[in-house]
Amino acid sequence: MAGVVFWLMATRAQAALNDYEQRIVQLRLASLSKHFIDAFSGLVTRKSLVREVIVDPNSFQMKLLGEKGREITPSELSAGERQLFAISMLWALGRTSGRELPMIIDTPLSRLDQQHRTNLMANYVPRSSAQVIMLCTDTELTPDLSEIISPYVSRRFEIGAVVGGRRTEITVLDH
């Protein structure tokens, strides 16, 4: 009899834990969706492009929904918007985790037009993390963009080839 009671209690406890886990996953996915929409809307020029994000709790596949609940496929996004999608998702994951995570982005401006570049520098750099490392080419980081992020930059470095091209040199720049 005691074994049956123990088994029933264990079964109920397991069911309660499973239910709790499902609720936590749903809360985290709702938080991720909200953070993503906030981030993405702050970076793209088509502000109402994505209204909702649904994340499948089993596969973690994402579905983007636009106006009137219409699904938006990745092919409907420009190359720059897809890049901002990825940056926004990383930003949202960091915010959802509740941890201050460093962000490192290689050539973040390469596929972006001027307005998206400005949005990224004005909205992402000062708000995404206490430590953002951006690896930009000399043609990406124009003086106007550099001015936008200047208050948030601790150090700037330039990596360049030394004459002869056999090695590179790192120079600390004033900002």
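General remarks:
- Seen from Ser41, the other residues with C-beta closer than 15 Å to its C-beta sum to a net charge of +2, counting Lys and Arg as +1 and Asp and Glu as -1.
- Taking the chain and dividing mean pair separation by its residue count, relative contact order in percent (alpha carbons under 8 Å, at least six apart): 16
- Value of relative contact order over region 75-175, rounded to a whole percent, pairs C-alpha under 8 Å and six or more apart: 23
- Helix 2-43 axis, angle to the chain major axis (alpha carbon atoms, nearest 10°): 30
- Cα-based equivalent ellipsoid of region 20-117: semi-axis lengths in Å, sorted from largest, via gyration tensor: 23, 18, 11
- With a simple spin-label model that places each label point 7 Å from the Cα along the Cα-to-Cβ direction, the separation between Leu8 and Asp174 comes to 8.0 nm.
- The local environment of Ile170, defined by Cβ-Cβ distances under 15 Å, has a net charge of -1 under the rule Lys, Arg +1 and Asp, Glu -1.
- Thr118 paired with Ser75, simple spin-label distance in nm, labels 7 Å along Cα-to-beta-carbon: 3.3
- Packing order of peptides 110-120, 60-70, 159-169, 93-103, highest average first: 110-120, 93-103, 60-70, 159-169 (average count of other Cβ atoms within 10 Å over each peptide's residues).
- Antiparallel bridges, percent of DSSP beta bridges restricted to the chain (to nearest 5): 75
- Amide proton proximity set for Glu52, modelled H, under 5 Å, gap of 5+: Leu65
- Local charge for Gly160 was computed over the other residues whose Cβ lies under 12 Å away, with Lys and Arg +1 and Asp and Glu -1, and equals -2.
- From its DSSP helices (H runs of at least four residues, each -39,500 (n - 2.57)), the chain gives a residue-normalised ellipticity at 222 nm of -14500 deg cm²/dmol.
- Look at [x] 125, 45, 19; [y] 36, 32, 30; [z] 85, 41, 31: the one that is Cα extents along the principal axes in Å derived from this structure is [z].
- Under the Karplus curve 6.51 cos²θ - 1.76 cosθ + 1.60, θ = phi - 60°, whole-Hz ³J(HN,Hα) for region 104-109, x wherever Gly or Pro sits: 10, 10, 8, 6, x, 9
Each reported figure results from applying straightforward, stated rules to the coordinates on display, with no laboratory input. Bear in mind the structure is a predicted one, so any value in this text is a computation, not a measurement. Every residue, glycine as well, gets a Cβ built from its backbone with ideal geometry; the counts of neighbours run over all protein chains shown.
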